[in-house]
Amino acid sequence: MKKIINHPSQVVDEMLKGMLYAHSDFLEGIDETRVIIEKDKQPTVGLVSGGGSGHEPAHAGFVGEGMLRAAVLGEMFTSPTPDQILEAIKASDTGHGVLLIVKNYTGDVMNFDMAKEMAEMEDIQVASVLVDDDIAVEDSTYTAGKRGVAGTVLVHKILGHFAHEGMALNDLKSLGDALVTDIHTLGVALSGATVPEVGKPGFHLGESEMEYGVGIHGEPGYRRDTLKPSREIAKELTGKLMSEIMTKKTKKIGLLVNGLGATPLQELYVFYNDVIEELAKYDVEIVFNKIGDFMTSIDMTGLSLTVIRLDDDKRTVALEAPVGVLNW
């Protein structure tokens, strides 16, 4: 294992310290909590998200004006504790309530729910939106139901915009619950992720192998195959995603191509070119796109494709609105 670190057990804390040193103009931390929060809190609903470390820039890279108010980080691929999440909720509340955006993993769901109950006992209004955009498998290593993956970032962006505009907590929750039904993601991996404290990849793929549908913690996908050209991968992912999204007679869509940590940007753009050519078969207009690393799996080689239904133009406006975060 070759990594530019000091000690595996210190990676998360030293990463957070580095982030705060670099961006102290608009971010701050809460001591002993691994919570990163925006300094200038507006009197609006505060959005809080988080999960295990190793998915950077998710979620701390999306804290700031127009997106999240706070992100809470657990150990590598491990959910933050209810106490950590509670501190994030308390620090994010300005009297207008807090909305939790939770990826569908058993530990995340349980701990965010516990923190929500604890906050409500302290008279803080809290609601939550559960994101389960991964269509690869129905149940997996850490989930009951579909997993929450890169589409979560689009939920941050859209709900963050409307929270910034002053939307009330209950309305944000309703909007979020509807939104997640229109976001679908599917990925492919060429190699496993190496957790620093483990020191070796979580799973092995041969030089000529790839796996469709691998999760962001290395959970099994739905099929291993010989390594295919980008255009064939694009055909596979696009076909399955469009089958999901066209059930609602969709006319406008947005696309998010997400690197999983060790995929060069040039390859993401090669893949995006193939996706666009594949989508020529469908009667849809692409009105939004993002290409880059948004929710990674440490150093996994691979990518995911997210398709979002954008027939409601307000969603597109929200996605295109400027924000003050590190990684949008």
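The values are calculated or read from the model by the stated rules, or taken from the named source; none is laboratory data. Source: prediction; values computed, not measured. Methodologically, a virtual Cβ is constructed for each residue, glycine included, from the backbone with ideal geometry; neighbour enumeration extends over all protein chains shown.
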Legend entry - Hits in the range 1-28 (condition: in contact with a Leu (Cβ under 7 Å, 6 or more places away or on another chain) and either assigned to a loop (DSSP other than H, G, I, E, B) or outside the structural domain of residue 70 (by TED's automatic domain parsing) (or both)): 23
Inset, instruction - Specify the residue that is nearest to residue 92 (Cα to Cα); the eligible residues are those in the range 1-33 that are among the small types (Gly, Ala, Ser) and exposed (fewer than 14 other Cβ atoms within 10 Å of the Cβ). - result: 24
Legend entry - Residue within the range 246-259 that is within 21 Å of residue 139 (Cα to Cα) and either modelled with pLDDT of 95 or more or assigned by TED's automatic domain parsing to the domain that holds residue 293 (or both) present: no
Legend entry - Selection status of residue 222, out of contact with any Ser or Thr (no Cβ under 9 Å at 6 or more places or on another chain), farther than 30 Å from residue 5 by Cα and of a type in the set (Ser, Thr, Tyr): yes
Inset, instruction - Sort through 78, 33, 94, 44 and tell me the only one that's under 16 Å from residue 156 (Cβ atoms), in a loop (DSSP other than H, G, I, E, B) and either in the same structural domain as residue 132 (by TED's automatic domain parsing) or touching a Pro at 6+ places or on another chain (Cβ under 7 Å) (or both). - result: 44
Legend entry - Selection count, the range 172-196, where residues are exposed (fewer than 13 other Cβ atoms within 10 Å of the Cβ) and of a type outside the set (S, T, N, Q): 1
Inset, instruction - Identify all residues within the range 110-127 that are surrounded by fewer than 20 Cβ atoms within 10 Å (Cβ to Cβ) and at negative phi; write none if there are none. - result: 110, 113, 114, 117, 118, 120, 121, 122, 124, 125, 127
Inset, instruction - Pick out the one residue from 235, 228 that is in a loop (DSSP other than H, G, I, E, B), over 20 Å from the mean Cα position of the chain (by Cα) and over 26 Å from residue 156 (Cβ atoms). - result: 228
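Quick grid of which residues meet (1) farther than 15 Å from residue 295 by Cβ; (2) without any contact (Cβ under 8 Å) to a residue 12 or more places away in the chain; (3) surrounded by 24 or more Cβ atoms within 10 Å (Cβ to Cβ); (4) out of contact with any helix residue (DSSP H, G or I) (no Cβ under 9 Å at 6 or more places or on another chain):
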| position | (1), (2), (3), (4) |
| --- | --- |
| 50 | no, no, yes, no |
| 56 | no, no, no, no |
| 67 | no, no, yes, no |
| 82 | yes, no, no, no |
| 89 | yes, no, yes, no |
| 140 | yes, no, no, yes |
